[in-house]
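Below: the structure, in structure tokens.
The values are calculated or read from the model by the stated rules, or taken from the named source; none is laboratory data. Nothing here was measured: the structure is a model prediction, and the numbers come from that model. So basically every Cβ, Gly included, is an ideal-geometry build from the backbone, and we count neighbours across all protein chains shown. Accessible surface areas use protein heavy atoms only, side chains included; no ligands, DNA or RNA. Shrake-Rupley method; radii C 1.70, N 1.55, O 1.52, S 1.80 Å.
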Amino acid sequence: MFCWLSRLCGELSTPTRRTTQLIWSSAARSMVLSSQRIPELSSFVARTNTCGELRSSHLGQEVTLCGWIQFRRQNIFLVLRDFHGLVQVVIPQDESAASVKKILCEAPMESVVQVSGTVISRPPGQKNPKMPTGEIEIKVKTAKLLNSCKKLPFEIKDFMKKTETLRLQYRYLDLRSVQMQYNLRLRSQMVMKMREYLCNLHGFVDVETPTLFKRTPGGAKEFVIPSREPGKFYSLPQSPQQFKQLLMVGGLDRYFQVARCYRDEGSRPDRQPEFTQIDIEMSFVDQTGVQSLIEGLLQYSWPSDKDPLVVPFPSMPFAEALASYGTDKPDTRFGMKIVDISDMFRNTEVGFLQDALSKPQGTVKAICIRKGAKYLKRKDIESIRKFAADHFNECSLMGKLRLECADLLEARGVVLRDPALFSFLWVVDFPLFLPKEENPQELESAHHPFTAPHPSDIHLLYTEPHKVRSQHYDLVLNGNEIGGGSIRIHNSELQHYVLDTVLKEDVKLLSHLLQALDYGAPPHGGIALGKQSILF
Ligand code: ASP
């Protein structure tokens, strides 16, 4: 599943407080919204209708439904569920229908049944306005038990809290929940809209690139696949980066792919070893062009039951993001910016401050927690102090502290990060290189080694490479990096210099790409939405 979309879906779909019925209806609606035509939901299968579609307009119709038994009330009613919604079924009570009654009353919850009968109006006073099918019910004539359900490890109902481990162990049961159904359908709908936007409206070509590949220097660790030839291995690609650049050399001009990527980095909440990204590359484009494309793409594919996106998204230089938010992926839904107050303490006699300021690049920084005194308890202050001490030597300390304070305030009931807000932000003007974590004397690419230097800094590449800014841009949503890309180096000599002299990589591994750049490679750039984080 696209990590970034799954996360976005998580953020987009906050149905916990709505009733199950309303959510089922919105999951169903999202399917209809995805295309101009209402899809045929019962073609080719053993039902005439879906449970969720029946309304007063179907009164009198003979229908056959298939679904799972969600509830049963006093052996008189049962509620049947399918992917589209819920419908009430009246269990016949007369002697002649004893066998039907037996099936419907004895089948355990979550058993799969097929029922046939007539759509009738609910008696006066028994209509349920909260249920999209609440005006009608099914008077059953025949019923078939298609498969019985054993005792479940947890109830499917969404309000039942279950642990992540249990959910993963029984993922197929978890998928029956409203939330999961909604997420997967929303993802599918968004991807369809994205394809529509890219291919039909803007002439992009969907190209599948290989997944058995060779090692790419730099970047994440790659998965290695043994081959049948002793000592020879394949690598799974971290992304289709090289392929998409080669497609530009091949004159494809506008490429995209819903691409599977693999990074052997272990799992974290926002990272998975395999994930999907919307991968894009264009020839003859600049940074503004890529950014406008992505804004248009997201606006076009944005779920129509959410507030429309306002574009262009704001933009922030990397240096400002770091100074004011302590991170290159700021959550701009709330303030509490980091302020440098070193100047106020230049002549201080407070020992530890003097000490800090006397160090090279030593600073004193503060975060103002408005009404902190009112909301934060003594133990909160203590935990902030401990957090600061535990993370003291990380430079991203202030950014983490800002988020920690936000968590504490929210735990005390202050709403800082509106869950309904989607705060997109472009972070730009990244450095081209960063000191390597394990050896700060050496440099590594901040994005990847194919990223072009900022035109105004290109002269510094040969003298002070660490000062060069790049044409790399990241898209951030509510504090998560959901995409990133760059304008690429299309000059073979420059690419060779970066790989060989600056990054000290083995250029032989990329000789094919260097050679391709020599054969009339057009200027090009691109982006991938997904990265290792959110939406997909
Ligand atoms: N291949 C890059 C990545 O996956 C994205 C890009 O530069 O287009 O991070």
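So if I take the centroid of the Cα atoms in the stretch 497-531 and the same for the stretch 53-123, what is the distance between those two points in Å? Taking the Cα centre of each part, the stretch 497-531 and the stretch 53-123 sit 62 Å apart. Using the Cβ-Cβ distance between S99 and M192 with R0 set to 41 Å, the FRET efficiency from 1/(1 + (r/R0)^6) comes to roughly 0.40. Which net charge results when you count Lys and Arg as +1 and Asp and Glu as -1 among the other residues whose beta-carbon is under 13 Å from that of F313? Summing Lys and Arg as +1 and Asp and Glu as -1 gives -2. Projecting label points 7 angstrom from Cα along Cα→Cβ for L509 and F223 puts them 1.9 nm apart.
Relative to the 2.2 N^0.38 Å rule of thumb, the stretch 351-480 has a C-alpha radius of gyration ratio of 1.37.
Any idea which of A411, I338, A366 is furthest toward the positive side of the dipole for the stretch 334-411, if Lys and Arg beta-carbons carry +1 and Asp and Glu beta-carbons -1? Value computed over the given set: A411. Taking a straight line from the alpha carbon of K127, these lysines sit under 20 Å away, with near neighbours fewer than eight places off in the same chain left out: K139.
Using just the Cα positions, wrap the chain in a convex hull and report its mean projected area in square nanometres, one decimal place. Can you show the working numbers first?
Working: hull surface 131.6 nm².
Here the figure is 32.9 nm², rounded to one decimal.
At a 1.4 Å probe radius, carbon and sulfur cover how many percent of the accessible area of the chain? Please report the intermediate quantities before stating the final value.
Details: 15080 of 27620 Å².
Answer for the chain is 55 percent, counting heavy atoms of protein chains only.
A Förster distance of 41 Å, applied to the separation of the beta-carbon atoms of R333 and L152, puts the FRET efficiency at 0.60. Checked against a 28 Å cut-off, the cross-linked pairs K151/K193; K374/K400; K221/K365; K232/K329 give Cα-Cα distances beyond that limit for K151/K193; K221/K365; K232/K329.
Accessible area per residue for the chain is 52 Å², calculated with a 1.4 Å probe on protein heavy atoms, without ligands, DNA or RNA.
What the Cβ-Cβ distance of A420 and V311 gives, at R0 = 25 Å and to the nearest 0.05, is a FRET efficiency of 0.85. The lysines whose alpha-carbon is closer than 16 Å to the alpha-carbon of K377, local same-chain residues fewer than 8 away aside, are K386.
Tell me the mean residue ellipticity at 222 nm calculated for the chain from its helices only (DSSP H runs of n ≥ 4, each -39500 (n - 2.57), averaged over every residue, nearest 500). Before the final figure, lay out the partial values.
Details: 15 runs with 147 residues, N = 536.
Computed ellipticity for the chain at 222 nm equals -8000 deg cm²/dmol.
Here the spin labels are modelled as points 7 Å beyond Cα on the Cα-Cβ line, and at H202 and Q361 they lie 3.7 nm apart. Find which of I487, A97, F44 sits farthest along the positive direction of the dipole of the chain, computed with +1 on the beta-carbon of Lys and Arg, -1 on that of Asp and Glu, about the Cα centre. Of I487, A97, F44, it is A97.
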